[in-house]
Amino acid sequence: MAERDWIRRYFAPLASAPGAAGLTDDTAQLAAANGPVVITTDAMVEGVHFLAGDPIASLARKLVRVNVSDILASGAEPAEALLTLGWPEGRPEAELAAFASALGEELSAWGAVLIGGDTVSSPAGLFLSLTLTGRCLGAGPVRRGGAGAGDELWVTGEIGGARRGFLARAAGEASPWIEVLQVPDLPPLAAAGLVARHATAAMDVSDGLLGDARSLAEASGTGVEIDFESVPFAGGPAEAPERLDLSIWGDDYQLLFTAPPAAGELLLREAAQQGIRLSRIGRIRSQPGLLVSSETGPVNLPETVAFEHGRIGMSATRP
């Protein structure tokens, strides 16, 4: 099928925004906004971020969600999306239809619409990229660099579900965690408002809780201390070596943010009202560095505490 036919049959029906012009032009008009707009983009490559046999609908949903988590962490709500799709020669058209259907459903679930992009034939594996804008709910986006000494560190949801899913899949075991690996379990849309109203700094947890907490602290010119006893690990309490493993592997896409201690009770109350699981897991220190403690005292950390994008040859062992 020719590229223009792909677009007309599968993606033009998703582009309902007036600025999309039915995907008949080379440009799209962004919707007018009353305040600041943020933008993010993420790519997924077959053999690096997912396996060739992964369900095509789950790839569409994950592609949307890994972008949505960045928007929510900025204290913004998803708005408009641009898709770049490299479709392998010979891959069935039925899978393209399933991908488009899941993409449309997932964007709609987060209040976003497709307004354009590009589709090409790929001589190798499947390539996916989504660019997503978001409308800030506050005066501007919440950045990583706003935390101050004494702020408390919070995280939504659970940490380590994707890692458990990967281990189960590698062992050939049936496990509900595999679904979390394939489609991240994000907090609800209301989490954007929680961040916008209360957070001094925020980001999503994509490269591991420990590494991302360190990145947030470094951007703020501070240090951070995490209490392993307070971290909501997927599957319940874990032993020390497992805690480290679950905290480093990443792919959680939960929100990690800081807020003043005075906001703590209000945060917990609002989170409960909005169905957001929220845990206070540490604090920001004036001294630089990452400290992790447990019931037995300080935790010895490995040299690498986060996924490193520069590593070669990961080959679907870790998105």
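The values are calculated or read from the model by the stated rules, or taken from the named source; none is laboratory data. All values derive from a computational prediction rather than experimental measurement. Here the Cβ is made from the backbone with ideal geometry for all residues, glycine too, and neighbour counts use every protein chain on show.
Cβ contacts < 7 Å: first residue in contact (Cβ under 8 Å) with a residue 40 or more places away in the chain and assigned by TED's automatic domain parsing to the domain that holds Ala43, restricted to the stretch 99-122; second residue part of a helix (DSSP H, G or I) and among the basic types (Lys, Arg), any location; separation 6+ or different chain. Result?
Ala102/Arg61; Glu106/Arg61
Would you mind stating whether Leu51 is at pLDDT below 95 and among the aliphatic types (A, V, I, L, M)?
Details: at pLDDT below 95: yes; among the aliphatic types (A, V, I, L, M): yes.
Answer is yes for this residue.
Yes or no: the stretch 35-57 includes at least one residue that is among the small types (Gly, Ala, Ser) and surrounded by 24 or more Cβ atoms within 10 Å (Cβ to Cβ). So that I can check it myself, show each step before the final result.
Let us first name the residues in the stretch 35-57 that are among the small types (Gly, Ala, Ser), namely 35, 43, 47, 52-53, 57.
Now narrow it down to the ones that are surrounded by 24 or more Cβ atoms within 10 Å (Cβ to Cβ): none.
Checked against the condition, which is being among the small types (Gly, Ala, Ser) and surrounded by 24 or more Cβ atoms within 10 Å (Cβ to Cβ), the stretch 35-57 yields no hits at all.
Return the residues of the stretch 142-168 that are surrounded by fewer than 24 Cβ atoms within 10 Å (Cβ to Cβ) and not in a loop (DSSP other than H, G, I, E, B); say none if nothing qualifies.
Initially, the stretch 142-168 is screened for residues surrounded by fewer than 24 Cβ atoms within 10 Å (Cβ to Cβ), giving 143-146, 148-150, 152, 157-158, 165-168.
Arg144, Gly145, Gly146, Glu152, Gly165, Phe166, Leu167, Ala168, listed by residue number.
Quick check on my filter: what residues within the stretch 63-83 are under 17 Å from Leu103 (Cα atoms) and in a strand (DSSP E or B)?
Pro78, Ala79, Glu80, Ala81, Leu82, Leu83 - these are the residues of the stretch 63-83 that are under 17 Å from Leu103 (Cα atoms) and in a strand (DSSP E or B).
Can you find even one residue in the stretch 183-198 that is within 29 Å of Gly140 (Cβ to Cβ), modelled with pLDDT of 95 or more, in a strand (DSSP E or B) and under 17 Å from the mean Cα position of the chain (by Cα)?
Initially, the stretch 183-198 is screened for residues within 29 Å of Gly140 (Cβ to Cβ), giving 184-198.
Checking the rest, the ones that are also modelled with pLDDT of 95 or more come to 184-198.
If we keep only those that are in a strand (DSSP E or B) too, we end up with none.
No, the stretch 183-198 contains no residue that is within 29 Å of Gly140 (Cβ to Cβ), modelled with pLDDT of 95 or more, in a strand (DSSP E or B) and under 17 Å from the mean Cα position of the chain (by Cα).
Can you tell me which of (1) free of Cβ contacts under 8 Å to residues at least 60 places away in the same chain; (2) in a helix (DSSP H, G or I) is the one Leu216 doesn't meet?
(1)
Restricting attention to the stretch 67-94, and to residues there that are over 26 Å from Gln29 (Cβ atoms) and in contact (Cβ under 8 Å) with a residue 60 or more places away in the chain, which single residue is farthest from the chain's Cα centre (by Cα)? Let's see the steps before the verdict.
First, pick out the residues of the stretch 67-94 that are over 26 Å from Gln29 (Cβ atoms): 69, 73, 87-94.
The next check asks that each one be in contact (Cβ under 8 Å) with a residue 60 or more places away in the chain; those that pass are 69, 73, 87, 93.
Details: Ser69: 4, Ala73: 9, Trp87: 23, Glu93: 28 Å.
Checking each candidate, the answer is Glu93.
Name every residue in the stretch 42-54 that is out of contact with any helix residue (DSSP H, G or I) (no Cβ under 7 Å at 6 or more places or on another chain) and in contact (Cβ under 8 Å) with a residue 60 or more places away in the chain, in order of residue number. Walk me through how you get there before you give the answer.
Of the stretch 42-54, the ones out of contact with any helix residue (DSSP H, G or I) (no Cβ under 7 Å at 6 or more places or on another chain) are 43, 45-49, 51-53.
Answer for the stretch 42-54, where residues must be out of contact with any helix residue (DSSP H, G or I) (no Cβ under 7 Å at 6 or more places or on another chain) and in contact (Cβ under 8 Å) with a residue 60 or more places away in the chain: Ala43, Val45, Glu46, Gly47, Val48, His49, Leu51, Ala52.
Can you work out which of the residues in the stretch 202-220 that are charged (D, E, K, R) and surrounded by fewer than 24 Cβ atoms within 10 Å (Cβ to Cβ) is modelled with the lowest pLDDT?
Filtering the stretch 202-220 for residues charged (D, E, K, R) gives 204, 207, 212, 214, 218.
Checking which are surrounded by fewer than 24 Cβ atoms within 10 Å (Cβ to Cβ) leaves us with 207, 214, 218.
On the way: Asp207: 93, Arg214: 96, Glu218: 97.
So the residue we want is Asp207.
Exactly one condition in (1) surrounded by fewer than 23 Cβ atoms within 10 Å (Cβ to Cβ); (2) touching a Leu at 6+ places or on another chain (Cβ under 7 Å); (3) at pLDDT below 95 is not met by Ala124; state its number.
Of everything listed in (1) surrounded by fewer than 23 Cβ atoms within 10 Å (Cβ to Cβ); (2) touching a Leu at 6+ places or on another chain (Cβ under 7 Å); (3) at pLDDT below 95, Ala124 misses just condition (2).
(1) surrounded by 15 or more Cβ atoms within 10 Å (Cβ to Cβ); (2) modelled with pLDDT of 95 or more: which one isn't true of Val299, the others all being true?
Of everything listed in (1) surrounded by 15 or more Cβ atoms within 10 Å (Cβ to Cβ); (2) modelled with pLDDT of 95 or more, Val299 misses just condition (2).
Spot the failing condition for Ala262; the list is (1) part of a helix (DSSP H, G or I); (2) under 25 Å from Gly165 (Cβ atoms); (3) out of contact with any Asp or Glu (no Cβ under 7 Å at 6 or more places or on another chain), and only one is missed.
Condition not satisfied by Ala262: (2).
Condition test on Pro232, is it surrounded by 18 or more Cβ atoms within 10 Å (Cβ to Cβ) and in contact (Cβ under 8 Å) with a residue 60 or more places away in the chain?
Details: surrounded by 18 or more Cβ atoms within 10 Å (Cβ to Cβ): no; in contact (Cβ under 8 Å) with a residue 60 or more places away in the chain: yes.
Criteria not met by Pro232.
Looking at (1) within 17 Å of Thr133 (Cα to Cα); (2) part of a helix (DSSP H, G or I); (3) charged (D, E, K, R), which is the one condition that is false for Glu95?
Here Glu95 meets the rest and fails (1).
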